[in-house]
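What follows is a short report on a single structure.
The values are calculated or read from the model by the stated rules, or taken from the named source; none is laboratory data. What you see is a predicted model, and the numbers here were worked out from it, not measured in a lab. Here the Cβ positions follow ideal geometry from the backbone for every residue, glycine too, while neighbour counts run over all protein chains shown.
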Amino acid sequence: MTKNARIAAAVKRKTAARAPKIPYSAEEIAEIFRRFAVQRANPAPELAHVNDFTLLVAVVLSAQATDMGVNRATGPLFARASDPAAMAALGEDEIREAIKTIGLYRNKARNVQRLSEILRDAYGGKVPREREALESLPGVGRKTANVVLNTAFGQETLAVDTHIQRIGNRLKIAPGKTPEEVERGFLKIIPEGYLRHAHHWLILHGRFVCKARKPDCAVCIIADLCRADEKWNDVPAELIALPDRGPGPQPLPPGATRPGG
């Protein structure tokens with residue numbers, strides 16, 4: 001073994017030793033993701049888009065904004081410009097006017113204008129499939145690149161937003177102080193075959209069930225497996241197939257009650 005290889009191995013061992021132990025067995029983790037997969041076999045992003053380019057723009061615009069708010073603004077915008085050349089031709093002022101209801105719209109309009117020009121001039125109007133190329137675009141960071149690589153190109157990436165970071169820490173399943181730490185934690189434990197859709201399952205679970213203010217444990221399909229301190233119900237909700245968008249109706253399982261009910 002070379003000196004560099006020995007150093008790399010030592011770093012790997014130290015990193016593994018520092019990694020927090022999680023209170024789940026491999027079988028329990030596999031069961032958690034199996035239930036998510038049964039619940040939503042083909043999850044779809046809630047950001048409206050018509051192609052890879054509009055997906056990229058929508059994700060850039062979604063930073064510190066709700067998907068619903070972004071969709072309201074991008075409907076008319078994408079009707080006018082659904083490719084880089086058309087978006088660049090609109091110009092920053094027109095883009096800014098179209099998205100002025102979205103937070104940070106001035107900077108976002110500038111980024112959308114610049115990335116559209118780059119895609120038009122350097123990539124033949126195509127969204128690149130490589131992470132490095134994506135992250136070089138204005139307004140595109142690791143999370144945005146992960147969403148595009150996963151949703152547009154089917155790559156097995158995990159984009160960590162506030163919902164997924166909360167799930168990782170609250171459930172003690174992938175704890176971390178930063179999105180990168182939570183991402184690494186999930187990538188270590190998600191069983192083979194589940195990573196493709198894990199991003200969407202976790203986001204939807206955090207948005208509609210394991211909510212920030214108070215988790216709605218009565219409608220949680222993994223309540224019996226969850227190790228969150230905030231958990232108030234141990235009975236898993238009935239595992240029913242739900243629409244790909246939104247949480248759908250969730251009946252209370254036998255013996256479960258809502259807080260204050």
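Can you find even one residue in segment 70-89 that is within 28 Å of V182 (Cα to Cα) and modelled with pLDDT of 95 or more? Step through it out loud before you land on a result.
Narrowing segment 70-89 to residues within 28 Å of V182 (Cα to Cα): 70-71.
Then drop every residue that is not modelled with pLDDT of 95 or more, which leaves 70-71.
Within segment 70-89 (the criterion being within 28 Å of V182 (Cα to Cα) and modelled with pLDDT of 95 or more), the answer is yes, since at least one residue qualifies.
Can we say L137 is under 14 Å from F53 (Cβ atoms) and modelled with pLDDT of 95 or more?
Here the answer is yes, as L137 does meet what is asked.
Evaluate the following for L187: is it crowded, with 19+ Cβ neighbours inside 10 Å, at pLDDT 95 or above, outside any loop (DSSP other than H, G, I, E, B) and hydrophobic (A, V, I, L, M, F, W, C)?
It is false that L187 is crowded, with 19+ Cβ neighbours inside 10 Å, at pLDDT 95 or above, outside any loop (DSSP other than H, G, I, E, B) and hydrophobic (A, V, I, L, M, F, W, C).
F208 fails exactly one of the following numbered conditions: (1) at pLDDT below 95; (2) hydrophobic (A, V, I, L, M, F, W, C); (3) touching a helix residue (DSSP H, G or I) at 6+ places or on another chain (Cβ under 7 Å); (4) surrounded by fewer than 21 Cβ atoms within 10 Å (Cβ to Cβ). What is the number of that condition?
The one condition F208 does not meet is (3).
From A174, A109, grab the single residue that is crowded, with 20+ Cβ neighbours inside 10 Å and either not in a helix (DSSP H, G or I) or not small (G, A, S) (or both).
A174
For A48, all conditions in the list (1) in a helix (DSSP H, G or I); (2) in contact with an Asp or Glu (Cβ under 9 Å, 6 or more places away or on another chain); (3) surrounded by 15 or more Cβ atoms within 10 Å (Cβ to Cβ) hold save one; what is the number of the exception?
(1)
Pairs under 7 Å by beta carbon, first residue among the small types (G, A, S) in segment 65-76, partner assigned to a helix (DSSP H, G or I), six or more apart or different chains?
A73/A98
Could you check how many residues of segment 166-214 are of a type in the set (D, E) and within 20 Å of V59 (Cα to Cα)? Show your work before the answer.
Of the residues in segment 166-214, the ones of a type in the set (D, E) are 180-181, 183, 192.
From what is left, the residues that are within 20 Å of V59 (Cα to Cα) are 180, 183.
The total comes to 2.
Let's see how each residue does on (1) surrounded by fewer than 17 Cβ atoms within 10 Å (Cβ to Cβ); (2) within 19 Å of the chain's Cα centre (by Cα); (3) farther than 25 Å from A65 by Cβ; (4) at pLDDT below 95:
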site: V182; (1), (2), (3), (4): no, yes, no, no
site: G193; (1), (2), (3), (4): yes, yes, yes, yes
site: A198; (1), (2), (3), (4): no, yes, no, no
site: L204; (1), (2), (3), (4): no, yes, no, yes
site: I221; (1), (2), (3), (4): no, no, yes, no
site: D224; (1), (2), (3), (4): yes, no, yes, no
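Taking the options A37, A86, name whichever one is farther than 30 Å from L171 by Cβ and among the hydrophobic types (A, V, I, L, M, F, W, C).
Values: A37 fails: farther than 30 Å from L171 by Cβ.
Among A37, A86, only A86 is farther than 30 Å from L171 by Cβ and among the hydrophobic types (A, V, I, L, M, F, W, C).
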